[in-house]
1. Quick one: in the stretch 212-223, which of the residues that are outside any helix (DSSP H, G or I) and under 29 Å from the mean Cα position of the chain (by Cα) is modelled with the lowest pLDDT?
2. Sort through 226, 158 and tell me the only one that's within 30 Å of residue 78 (Cβ to Cβ), in contact (Cβ under 8 Å) with a residue 60 or more places away in the chain and not in a helix (DSSP H, G or I).
3. What tally of residues in the stretch 171-185 results from selecting those that are closer than 13 Å to residue 89 by Cβ and loosely packed, with under 14 Cβ neighbours inside 10 Å?
4. Which residue is modelled with the highest pLDDT, if the candidates are limited to the stretch 134-155 and must be loosely packed, with under 13 Cβ neighbours inside 10 Å and either in the same structural domain as residue 191 (by TED's automatic domain parsing) or part of a loop (DSSP other than H, G, I, E, B) (or both)?
5. Test of understanding: among 91, 68, 84, which residue is modelled with pLDDT of 50 or more, under 27 Å from residue 134 (Cα atoms) and more than 15 Å from the chain's Cα centre (by Cα)?
6. For the structure I just gave you, tell me whether residue 213 is in contact (Cβ under 8 Å) with a residue 24 or more places away in the chain and farther than 22 Å from residue 97 by Cβ.
7. All but one of (1) outside any helix (DSSP H, G or I); (2) touching a helix residue (DSSP H, G or I) at 6+ places or on another chain (Cβ under 6 Å) hold for residue 245, so report the exception by its number.
8. Can you tell me which residues in the stretch 161-179 are farther than 16 Å from residue 50 by Cα and either assigned to a strand (DSSP E or B) or touching a residue at least 40 places away in the same chain (Cβ under 8 Å) (or both)?
């Protein structure tokens with residue numbers, strides 16, 4: 001009788017071991033299949049949609065991709081944004097986090113990619129910058145090359161950090177007010193460039209030719225008091241948009257309306 005009990009116990013233990021091994025194998029196979037499903041050069045990305053206070057998804061993230069040539073190099077990352085809120089979106093910011101490992105220690109670096117349809121009212125009025133309308137989808141791509149000397153890239157995470165709607169409503173965590181501050185700095189930089197340009201335009205006798213010469217000059221003027229980053233970006237956007245209007249023959253009308 002004791003031998004039967006021992007034999008039965010041994011069989012049960014064997015079944016438990018085999019079951020655990022099979023479970024581990026299935027999990028490993030699923031993970032391997034998930035990795036194999038990724039196209040060559042693309043890495044794992046976790047995308048987090050933005051929800052309202054009631055739990056309804058208002059912004060969807062679609063086709064999030066990271067191009068990883070090697071474990072030490074990223075050649076760009078992209079994601080499409082779909083407005084499911086039922087309202088027009090003025091601006092939004094995506095927060096990307098890239099997870100790396102170095103000597104067994106995991107860490108992450110963050111990057112932000114923004115959509116800003118209202119850099120300056122002058123530009124919006126002239127056709128530069130349109131809101132993201134309900135059910136509209138736009139791509140937000142970043143081609144920045146990122147390299148690590150020792151760390152190895154593991155995976156990426158992307159989320160909707162901050163959204164501004166046309167009606168003034170705002171959503172998102174906006175960590176440390178970084179996203180909203182950068183959008184505001186961009187707008188302030190555009191306004192600073194406009195005021196500087198207006199002074200130059202009036203001093204030169206409202207000459208459109210002189211205005212075009214300024215816009216086509218190399219680099220930004222040294223006496224333009226804008227800070228690097230957001231303000232400089234806004235100034236460059238205003239300049240680029242006005243230069244485009246000048247080349248299309250609409251510069252005189254713009255100057256008469258906004259620079260007088």
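1. Start the filter on the stretch 212-223 by keeping residues that are outside any helix (DSSP H, G or I), which leaves 216-223.
Now narrow it down to the ones that are under 29 Å from the mean Cα position of the chain (by Cα): 218-221.
On the way: 218: 79, 219: 83, 220: 88, 221: 87.
The extreme case among them is 218.
2. Details: 226 fails: in contact (Cβ under 8 Å) with a residue 60 or more places away in the chain.
When all the criteria are applied, what remains is 158.
3. Within the stretch 171-185, the first condition is being closer than 13 Å to residue 89 by Cβ, and the residues that meet it are 171-172, 183.
Restricting the remaining residues to those that are loosely packed, with under 14 Cβ neighbours inside 10 Å gives none.
Of the residues in that region, 0 qualify.
4. So, considering only residues that are loosely packed, with under 13 Cβ neighbours inside 10 Å and either in the same structural domain as residue 191 (by TED's automatic domain parsing) or part of a loop (DSSP other than H, G, I, E, B) (or both), the one modelled with the highest pLDDT is 135.
5. On the way: 91 fails: more than 15 Å from the chain's Cα centre (by Cα); 68 fails: under 27 Å from residue 134 (Cα atoms).
Of the residues listed, the single one that is modelled with pLDDT of 50 or more, under 27 Å from residue 134 (Cα atoms) and more than 15 Å from the chain's Cα centre (by Cα) is 84.
6. Details: in contact (Cβ under 8 Å) with a residue 24 or more places away in the chain: no; farther than 22 Å from residue 97 by Cβ: yes.
No: the conditions fail for residue 213.
7. (1)
8. If we filter the stretch 161-179 for residues that are farther than 16 Å from residue 50 by Cα, which is where we start, we get 166-168, 176-178.
Listed by number, the residues that qualify are 166, 167, 178.
The values are calculated or read from the model by the stated rules, or taken from the named source; none is laboratory data. Since the model is a prediction, treat every value here as computed from it, not as a measurement. Cβ coordinates were reconstructed from backbone atoms using ideal geometry, including for glycine residues, and neighbour counts include every protein chain displayed.
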